[in-house]
Amino acid sequence: MEIVKNSGPITGDQIAEKLSLTRATLRHDLAILTMAGLLEARPRVGYFHSGKSPYRVVAEKLRSVLVDSVLSIPVVVSENCSVYDAVVTMFIKDVGTLFVVKDVGLLEGVISRKDLLKTTLGGHDIHQLPVGVIMTRMPNILYTTPEESAWSAAKKIITHEVDALPVVRKTILSDGSEGLEVIGRLSKTNIARLFVELGERC
Ligand code: ADP
């Protein structure tokens, strides 16, 4: 990188000569730096520095991944579902966040593990109490869309200190108003998985 920065454009043979190596030995290194976007190569001209820092290359890659490609299936319950059934659903489906929906899957609320724990400690009859009473309700729900970048959605999760976001699609209801249909779930696990996958690809 230093040689190309100082002497570019420079051919592969010239770089090899400066390093006292053969061109063949350098081939893979140059290919990796070019694929990573740190170097650019022009036929008959040679290699030159793309001007991008390694961090910028990583940031560009991260921002190019869309929520659509990392989301999970949402686990939803209705507002009338009891707190007891919500706890059972969390265990069976192995998730930490449930989305509360009405009609054809329209977003109404979110229930987290601690919402349920708090209610249980409060001495309520959890078989009778509906989740609609304890959930965080619209319009106070943070959500994402399939078209948003996974990076920007992850920033919402970190900034607002929540574990998951419903992935929604805007839909026009029969009365002409706008609703949010829940079509996915983006959790901290999805982001951690993406992080691992991106690291493996390098
Ligand atoms: P936990 O409470 O189990 O640590 P969270 O940090 O996700 O899980 O939830 C904290 C609070 O924020 C809870 O009261 C929950 O209902 C609410 N919450 C969770 N996800 C969202 C979201 N996407 N939008 C708005 N509020 C949320």
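For region 83-107, how many residues meet the condition of being hydroxyl-bearing (Ser, Thr, Tyr), more than 9 Å from the ligand (Cβ to nearest atom) and under 16 Å from Pro166 (Cα atoms)? First the steps, then the outcome.
Quick first cut of region 83-107, residues hydroxyl-bearing (Ser, Thr, Tyr) only: 84, 89, 97.
So of that shortlist, the ones also more than 9 Å from the ligand (Cβ to nearest atom) come out as 84, 89.
Restricting the remaining residues to those that are under 16 Å from Pro166 (Cα atoms) gives none.
Result for region 83-107: 0.
Of the residues making up region 151-174, just one is among the aliphatic types (A, V, I, L, M), modelled with pLDDT of 95 or more and more than 12 Å from the ligand (Cβ to nearest atom), namely Ala154.
Assess whether Val101 counts as being open to solvent by less than 90 Å² (accessible area, probe 1.4 Å) and assigned by TED's automatic domain parsing to the domain that holds Thr189. So that I can check it myself, show each step before the final result.
Values: open to solvent by less than 90 Å² (accessible area, probe 1.4 Å): yes; assigned by TED's automatic domain parsing to the domain that holds Thr189: yes.
So Val101 fits the description; yes.
The residue that is nearest to Leu180 (Cα to Cα), counting only those in region 139-148 that are within 9 Å of the ligand (Cβ to nearest atom) and open to solvent by 60 Å² or more (accessible area, probe 1.4 Å), is Tyr143. Pairing each residue of region 79-97 that is in the same structural domain as Val167 (by TED's automatic domain parsing) and open to solvent by 30 Å² or more (accessible area, probe 1.4 Å) with any residue that is part of a helix (DSSP H, G or I) and within 14 Å of the ligand (Cβ to nearest atom), provided the two are 6+ apart or on different chains, yields C-beta distances under 6 Å for Glu79/Gly132; Val87/Leu116.
Considering only region 149-174, state which residues are surrounded by 17 or more Cβ atoms within 10 Å (Cβ to Cβ) and farther than 17 Å from Phe195 by Cα.
Going through region 149-174, the residues surrounded by 17 or more Cβ atoms within 10 Å (Cβ to Cβ) turn out to be 150-151, 153-154, 157, 162, 164-168.
Selection gives Val162, Leu165, Pro166, Val167, Val168.
Taking the numbered list (1) in a helix (DSSP H, G or I); (2) over 26 Å from the mean Cα position of the chain (by Cα); (3) surrounded by 12 or more Cβ atoms within 10 Å (Cβ to Cβ) in turn, Ala41 passes all entries but (1).
Filtering region 175-199 to residues that are open to solvent by 50 Å² or more (accessible area, probe 1.4 Å), within 16 Å of the ligand (Cβ to nearest atom) and basic (Lys, Arg) leaves only Lys188. Looking at the structure I just gave you, is Ile134 near the ligand (Cβ under 10 Å from one of its atoms), β-branched (Val, Ile, Thr), surrounded by 15 or more Cβ atoms within 10 Å (Cβ to Cβ) and more than 22 Å from Asn190 (Cα to Cα)? Taking the combined requirement at face value, the residue satisfies it. With respect to Ile126, determine if the residue is among the β-branched types (Val, Ile, Thr) and within 11 Å of the ligand (Cβ to nearest atom). Judged against the criteria, Ile126 is not a match.
Taking the conditions exactly as written (within 12 Å of the ligand (Cβ to nearest atom), in the same structural domain as Leu165 (by TED's automatic domain parsing) and open to solvent by less than 50 Å² (accessible area, probe 1.4 Å)), does Val110 satisfy them or not?
Working: within 12 Å of the ligand (Cβ to nearest atom): yes; in the same structural domain as Leu165 (by TED's automatic domain parsing): yes; open to solvent by less than 50 Å² (accessible area, probe 1.4 Å): yes.
For Val110, the condition - within 12 Å of the ligand (Cβ to nearest atom), in the same structural domain as Leu165 (by TED's automatic domain parsing) and open to solvent by less than 50 Å² (accessible area, probe 1.4 Å) - is met.
The values are calculated or read from the model by the stated rules, or taken from the named source; none is laboratory data. Fair warning: this is a prediction, and the values are worked out from it, not measured in the lab. In this analysis, Cβ positions are derived from the backbone assuming ideal geometry, glycine residues included, and neighbour counts consider all displayed protein chains. Each accessible area value is taken on the protein alone, full model and side chains, heavy atoms only, with ligands, DNA and RNA left out. Shrake-Rupley method; radii C 1.70, N 1.55, O 1.52, S 1.80 Å.
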